[in-house]
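First up is the structure itself, then whatever we jot down about it.
The values are calculated or read from the model by the stated rules, or taken from the named source; none is laboratory data. Computed from a predicted structure; not experimentally measured. Heads up, the Cβs are rebuilt from the backbone with ideal geometry, glycines too, and the neighbour counts pull from every protein chain shown. Quick note on the areas: whole protein, heavy atoms, side chains included, nothing else; ligands and nucleic acids left out. Shrake-Rupley method; radii C 1.70, N 1.55, O 1.52, S 1.80 Å.
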Amino acid sequence: MTVESTAARTPRRSAGSKAGTTGTKRTTRTTAKKDAGAKGTEPQLVQLLTPEGKRVKNAEYDKYVAGVTPEELRGLYRDMVLTRRFDAEATSLQRQGELGLWASLLGQEAAQIGSGRALRDDDYVFPTYREHGVAWCRGVNPTNLLGMFRGVNNGGWDPSGNNFQLYTIVIGSQTLHATGYAMGIAKDGADSAVIAYFGDGASSQGDVAESFTFSAVYNAPVVFFCQNNQWAISEPTEKQSRVPIYQRAQGFGFPGVRVDGNDVLGCLAVTRWALERARSGEGPTLVEAFTYRMGAHTTSDDPTRYRGDEERQAWEAKDPILRLRRYLEASNHADEGFFAELEAESEALGKRVREAVRAMPDPDHFAIFENVYADGHALVDEERAQFAAYQASFADEGGN
């Protein structure tokens, strides 16, 4: 793939896509790539760190990571490793019946950590339900995320405490919330910015298009961060868009840029640039982090039904954690002692998370009947009584 900077202010026409899976889907994805190649319109990509761990110079974005120290690089690596370990533990907990569902971020660590570490404390984040790495960067206790998926809380954290909104299950709706919040802080005269995370599937939602419209018209200080992991559950991206997602911004009048979503330095630089634009009054930006979902959409999904091993293996070779490790080792920024210590910390985190989940108390079963109506309601009272009788039946069975 040709690697070069995306000149975000210069519109480019492209309809490229990635090749890759078996059967009819292989034909579809390969055909799309051939069409793009025939027009000579391969999508451009910002990349500062190659899969081999080599640093690539970029005249436009280097300045946004020029001050990153070896210590900060090790910090980015630590963030990604611990986030992946937490994610793996959560997947195991779900498989063992401790969680109802889990949406894994496996493969998307660089996009989330890179963008998350670009944020200031006073910036505000509107996530979907997969931004576990961003939550980590914002200081949200990981076990609070699991409480929601266990069904014992409705989010478990105060959004105002970390400037990190609760997870949003309704696809794409958080982009509207982010846009409205950004319009509000602009009117207040604040110099902070807002970032809204969503996936390639959500980019097809009308809420996202409406958010683009309002943010452009009102010059809202918002960054739309799309993690394009190429599969909206089983639907490939080229069946949702005839152009790369970042190019959609052109039609709304603001810049879009595609960055290598497996390159933590690239994601850090591009997000810093976009946030700087927002804070300085230049309005919205669309960032498309081109990455890959190496696992299932959620634990209720079976990705082997719609994509082949060849595609997954090709992207595993571009692993975001492995490429930064290669760079750290080649640059003598980290030694074996650092990696061994981090491995021990990772295992301790997994154990701590598991113990915390199993110790979570069950919620009050009758809380669902509270605050339904301001002054109470006969139907709710009837339903509460029926539910109480149902719960009591278990105690009777135990007594017999």
(message) Residues that are open to solvent by less than 30 Å² (accessible area, probe 1.4 Å): list the helices (runs of 4 or more DSSP H) wholly contained in the stretch 108-174 that include at least 2 such residues.
(response) 109-116, 132-137, 142-150
(request) Pick out the one residue from VAL257, VAL264, VAL287, VAL270 that is touching a strand residue (DSSP E or B) at 6+ places or on another chain (Cβ under 9 Å), touching a residue at least 60 places away in the same chain (Cβ under 8 Å) and within 21 Å of HIS177 (Cβ to Cβ). (result) VAL287
(message) Taking the condition of being in a helix (DSSP H, G or I) and either over 28 Å from the mean Cα position of the chain (by Cα) or among the basic types (Lys, Arg) (or both), how many residues in the stretch 330-376 meet it?
(response) 10
(message) of a type outside the set (S, T, N, Q), part of a helix (DSSP H, G or I) and open to solvent by less than 50 Å² (accessible area, probe 1.4 Å): is that true of ILE321 in this structure?
(response) yes
(message) Just checking, does the stretch 187-210 include any residue being open to solvent by 10 Å² or more (accessible area, probe 1.4 Å), more than 25 Å from ARG258 (Cα to Cα) and part of a helix (DSSP H, G or I)?
(response) yes
(request) Would you mind stating whether TYR292 is in contact (Cβ under 8 Å) with a residue 12 or more places away in the chain, among the hydroxyl-bearing types (Ser, Thr, Tyr) and surrounded by 21 or more Cβ atoms within 10 Å (Cβ to Cβ)? (result) yes
(request) Go through (1) open to solvent by 70 Å² or more (accessible area, probe 1.4 Å); (2) modelled with pLDDT of 95 or more; (3) within 25 Å of ASN153 (Cβ to Cβ) one by one and return the number of the condition VAL357 breaks. (result) (1)
(message) When you scan the stretch 72-95, do you find a residue that is farther than 25 Å from LYS351 by Cβ and either in a helix (DSSP H, G or I) or not hydrophobic (A, V, I, L, M, F, W, C) (or both), even just one?
(response) yes
(message) Can you say whether ILE245 is under 21 Å from the mean Cα position of the chain (by Cα), buried (at least 17 other Cβ atoms within 10 Å of the Cβ) and of a type outside the set (Phe, Trp, Tyr), as far as the supplied structure shows?
(response) yes
(message) Can you pull out every residue in the stretch 331-351 that is open to solvent by 50 Å² or more (accessible area, probe 1.4 Å), under 23 Å from GLY97 (Cβ atoms) and either in contact (Cβ under 8 Å) with a residue 12 or more places away in the chain or in contact with a helix residue (DSSP H, G or I) (Cβ under 7 Å, 6 or more places away or on another chain) (or both)?
(response) GLU347
(request) Output the residues belonging to the stretch 31-70 that are of a type in the set (Val, Ile, Thr) and either surrounded by 15 or more Cβ atoms within 10 Å (Cβ to Cβ) or modelled with pLDDT of 95 or more (or both). (result) THR41, VAL46, THR50, VAL56, VAL65, VAL68, THR69
(message) Restricting to the stretch 244-298, name every residue that is assigned to a loop (DSSP other than H, G, I, E, B), within 17 Å of GLU131 (Cβ to Cβ) and among the polar types (S, T, N, Q).
(response) ASN262, THR291, THR298
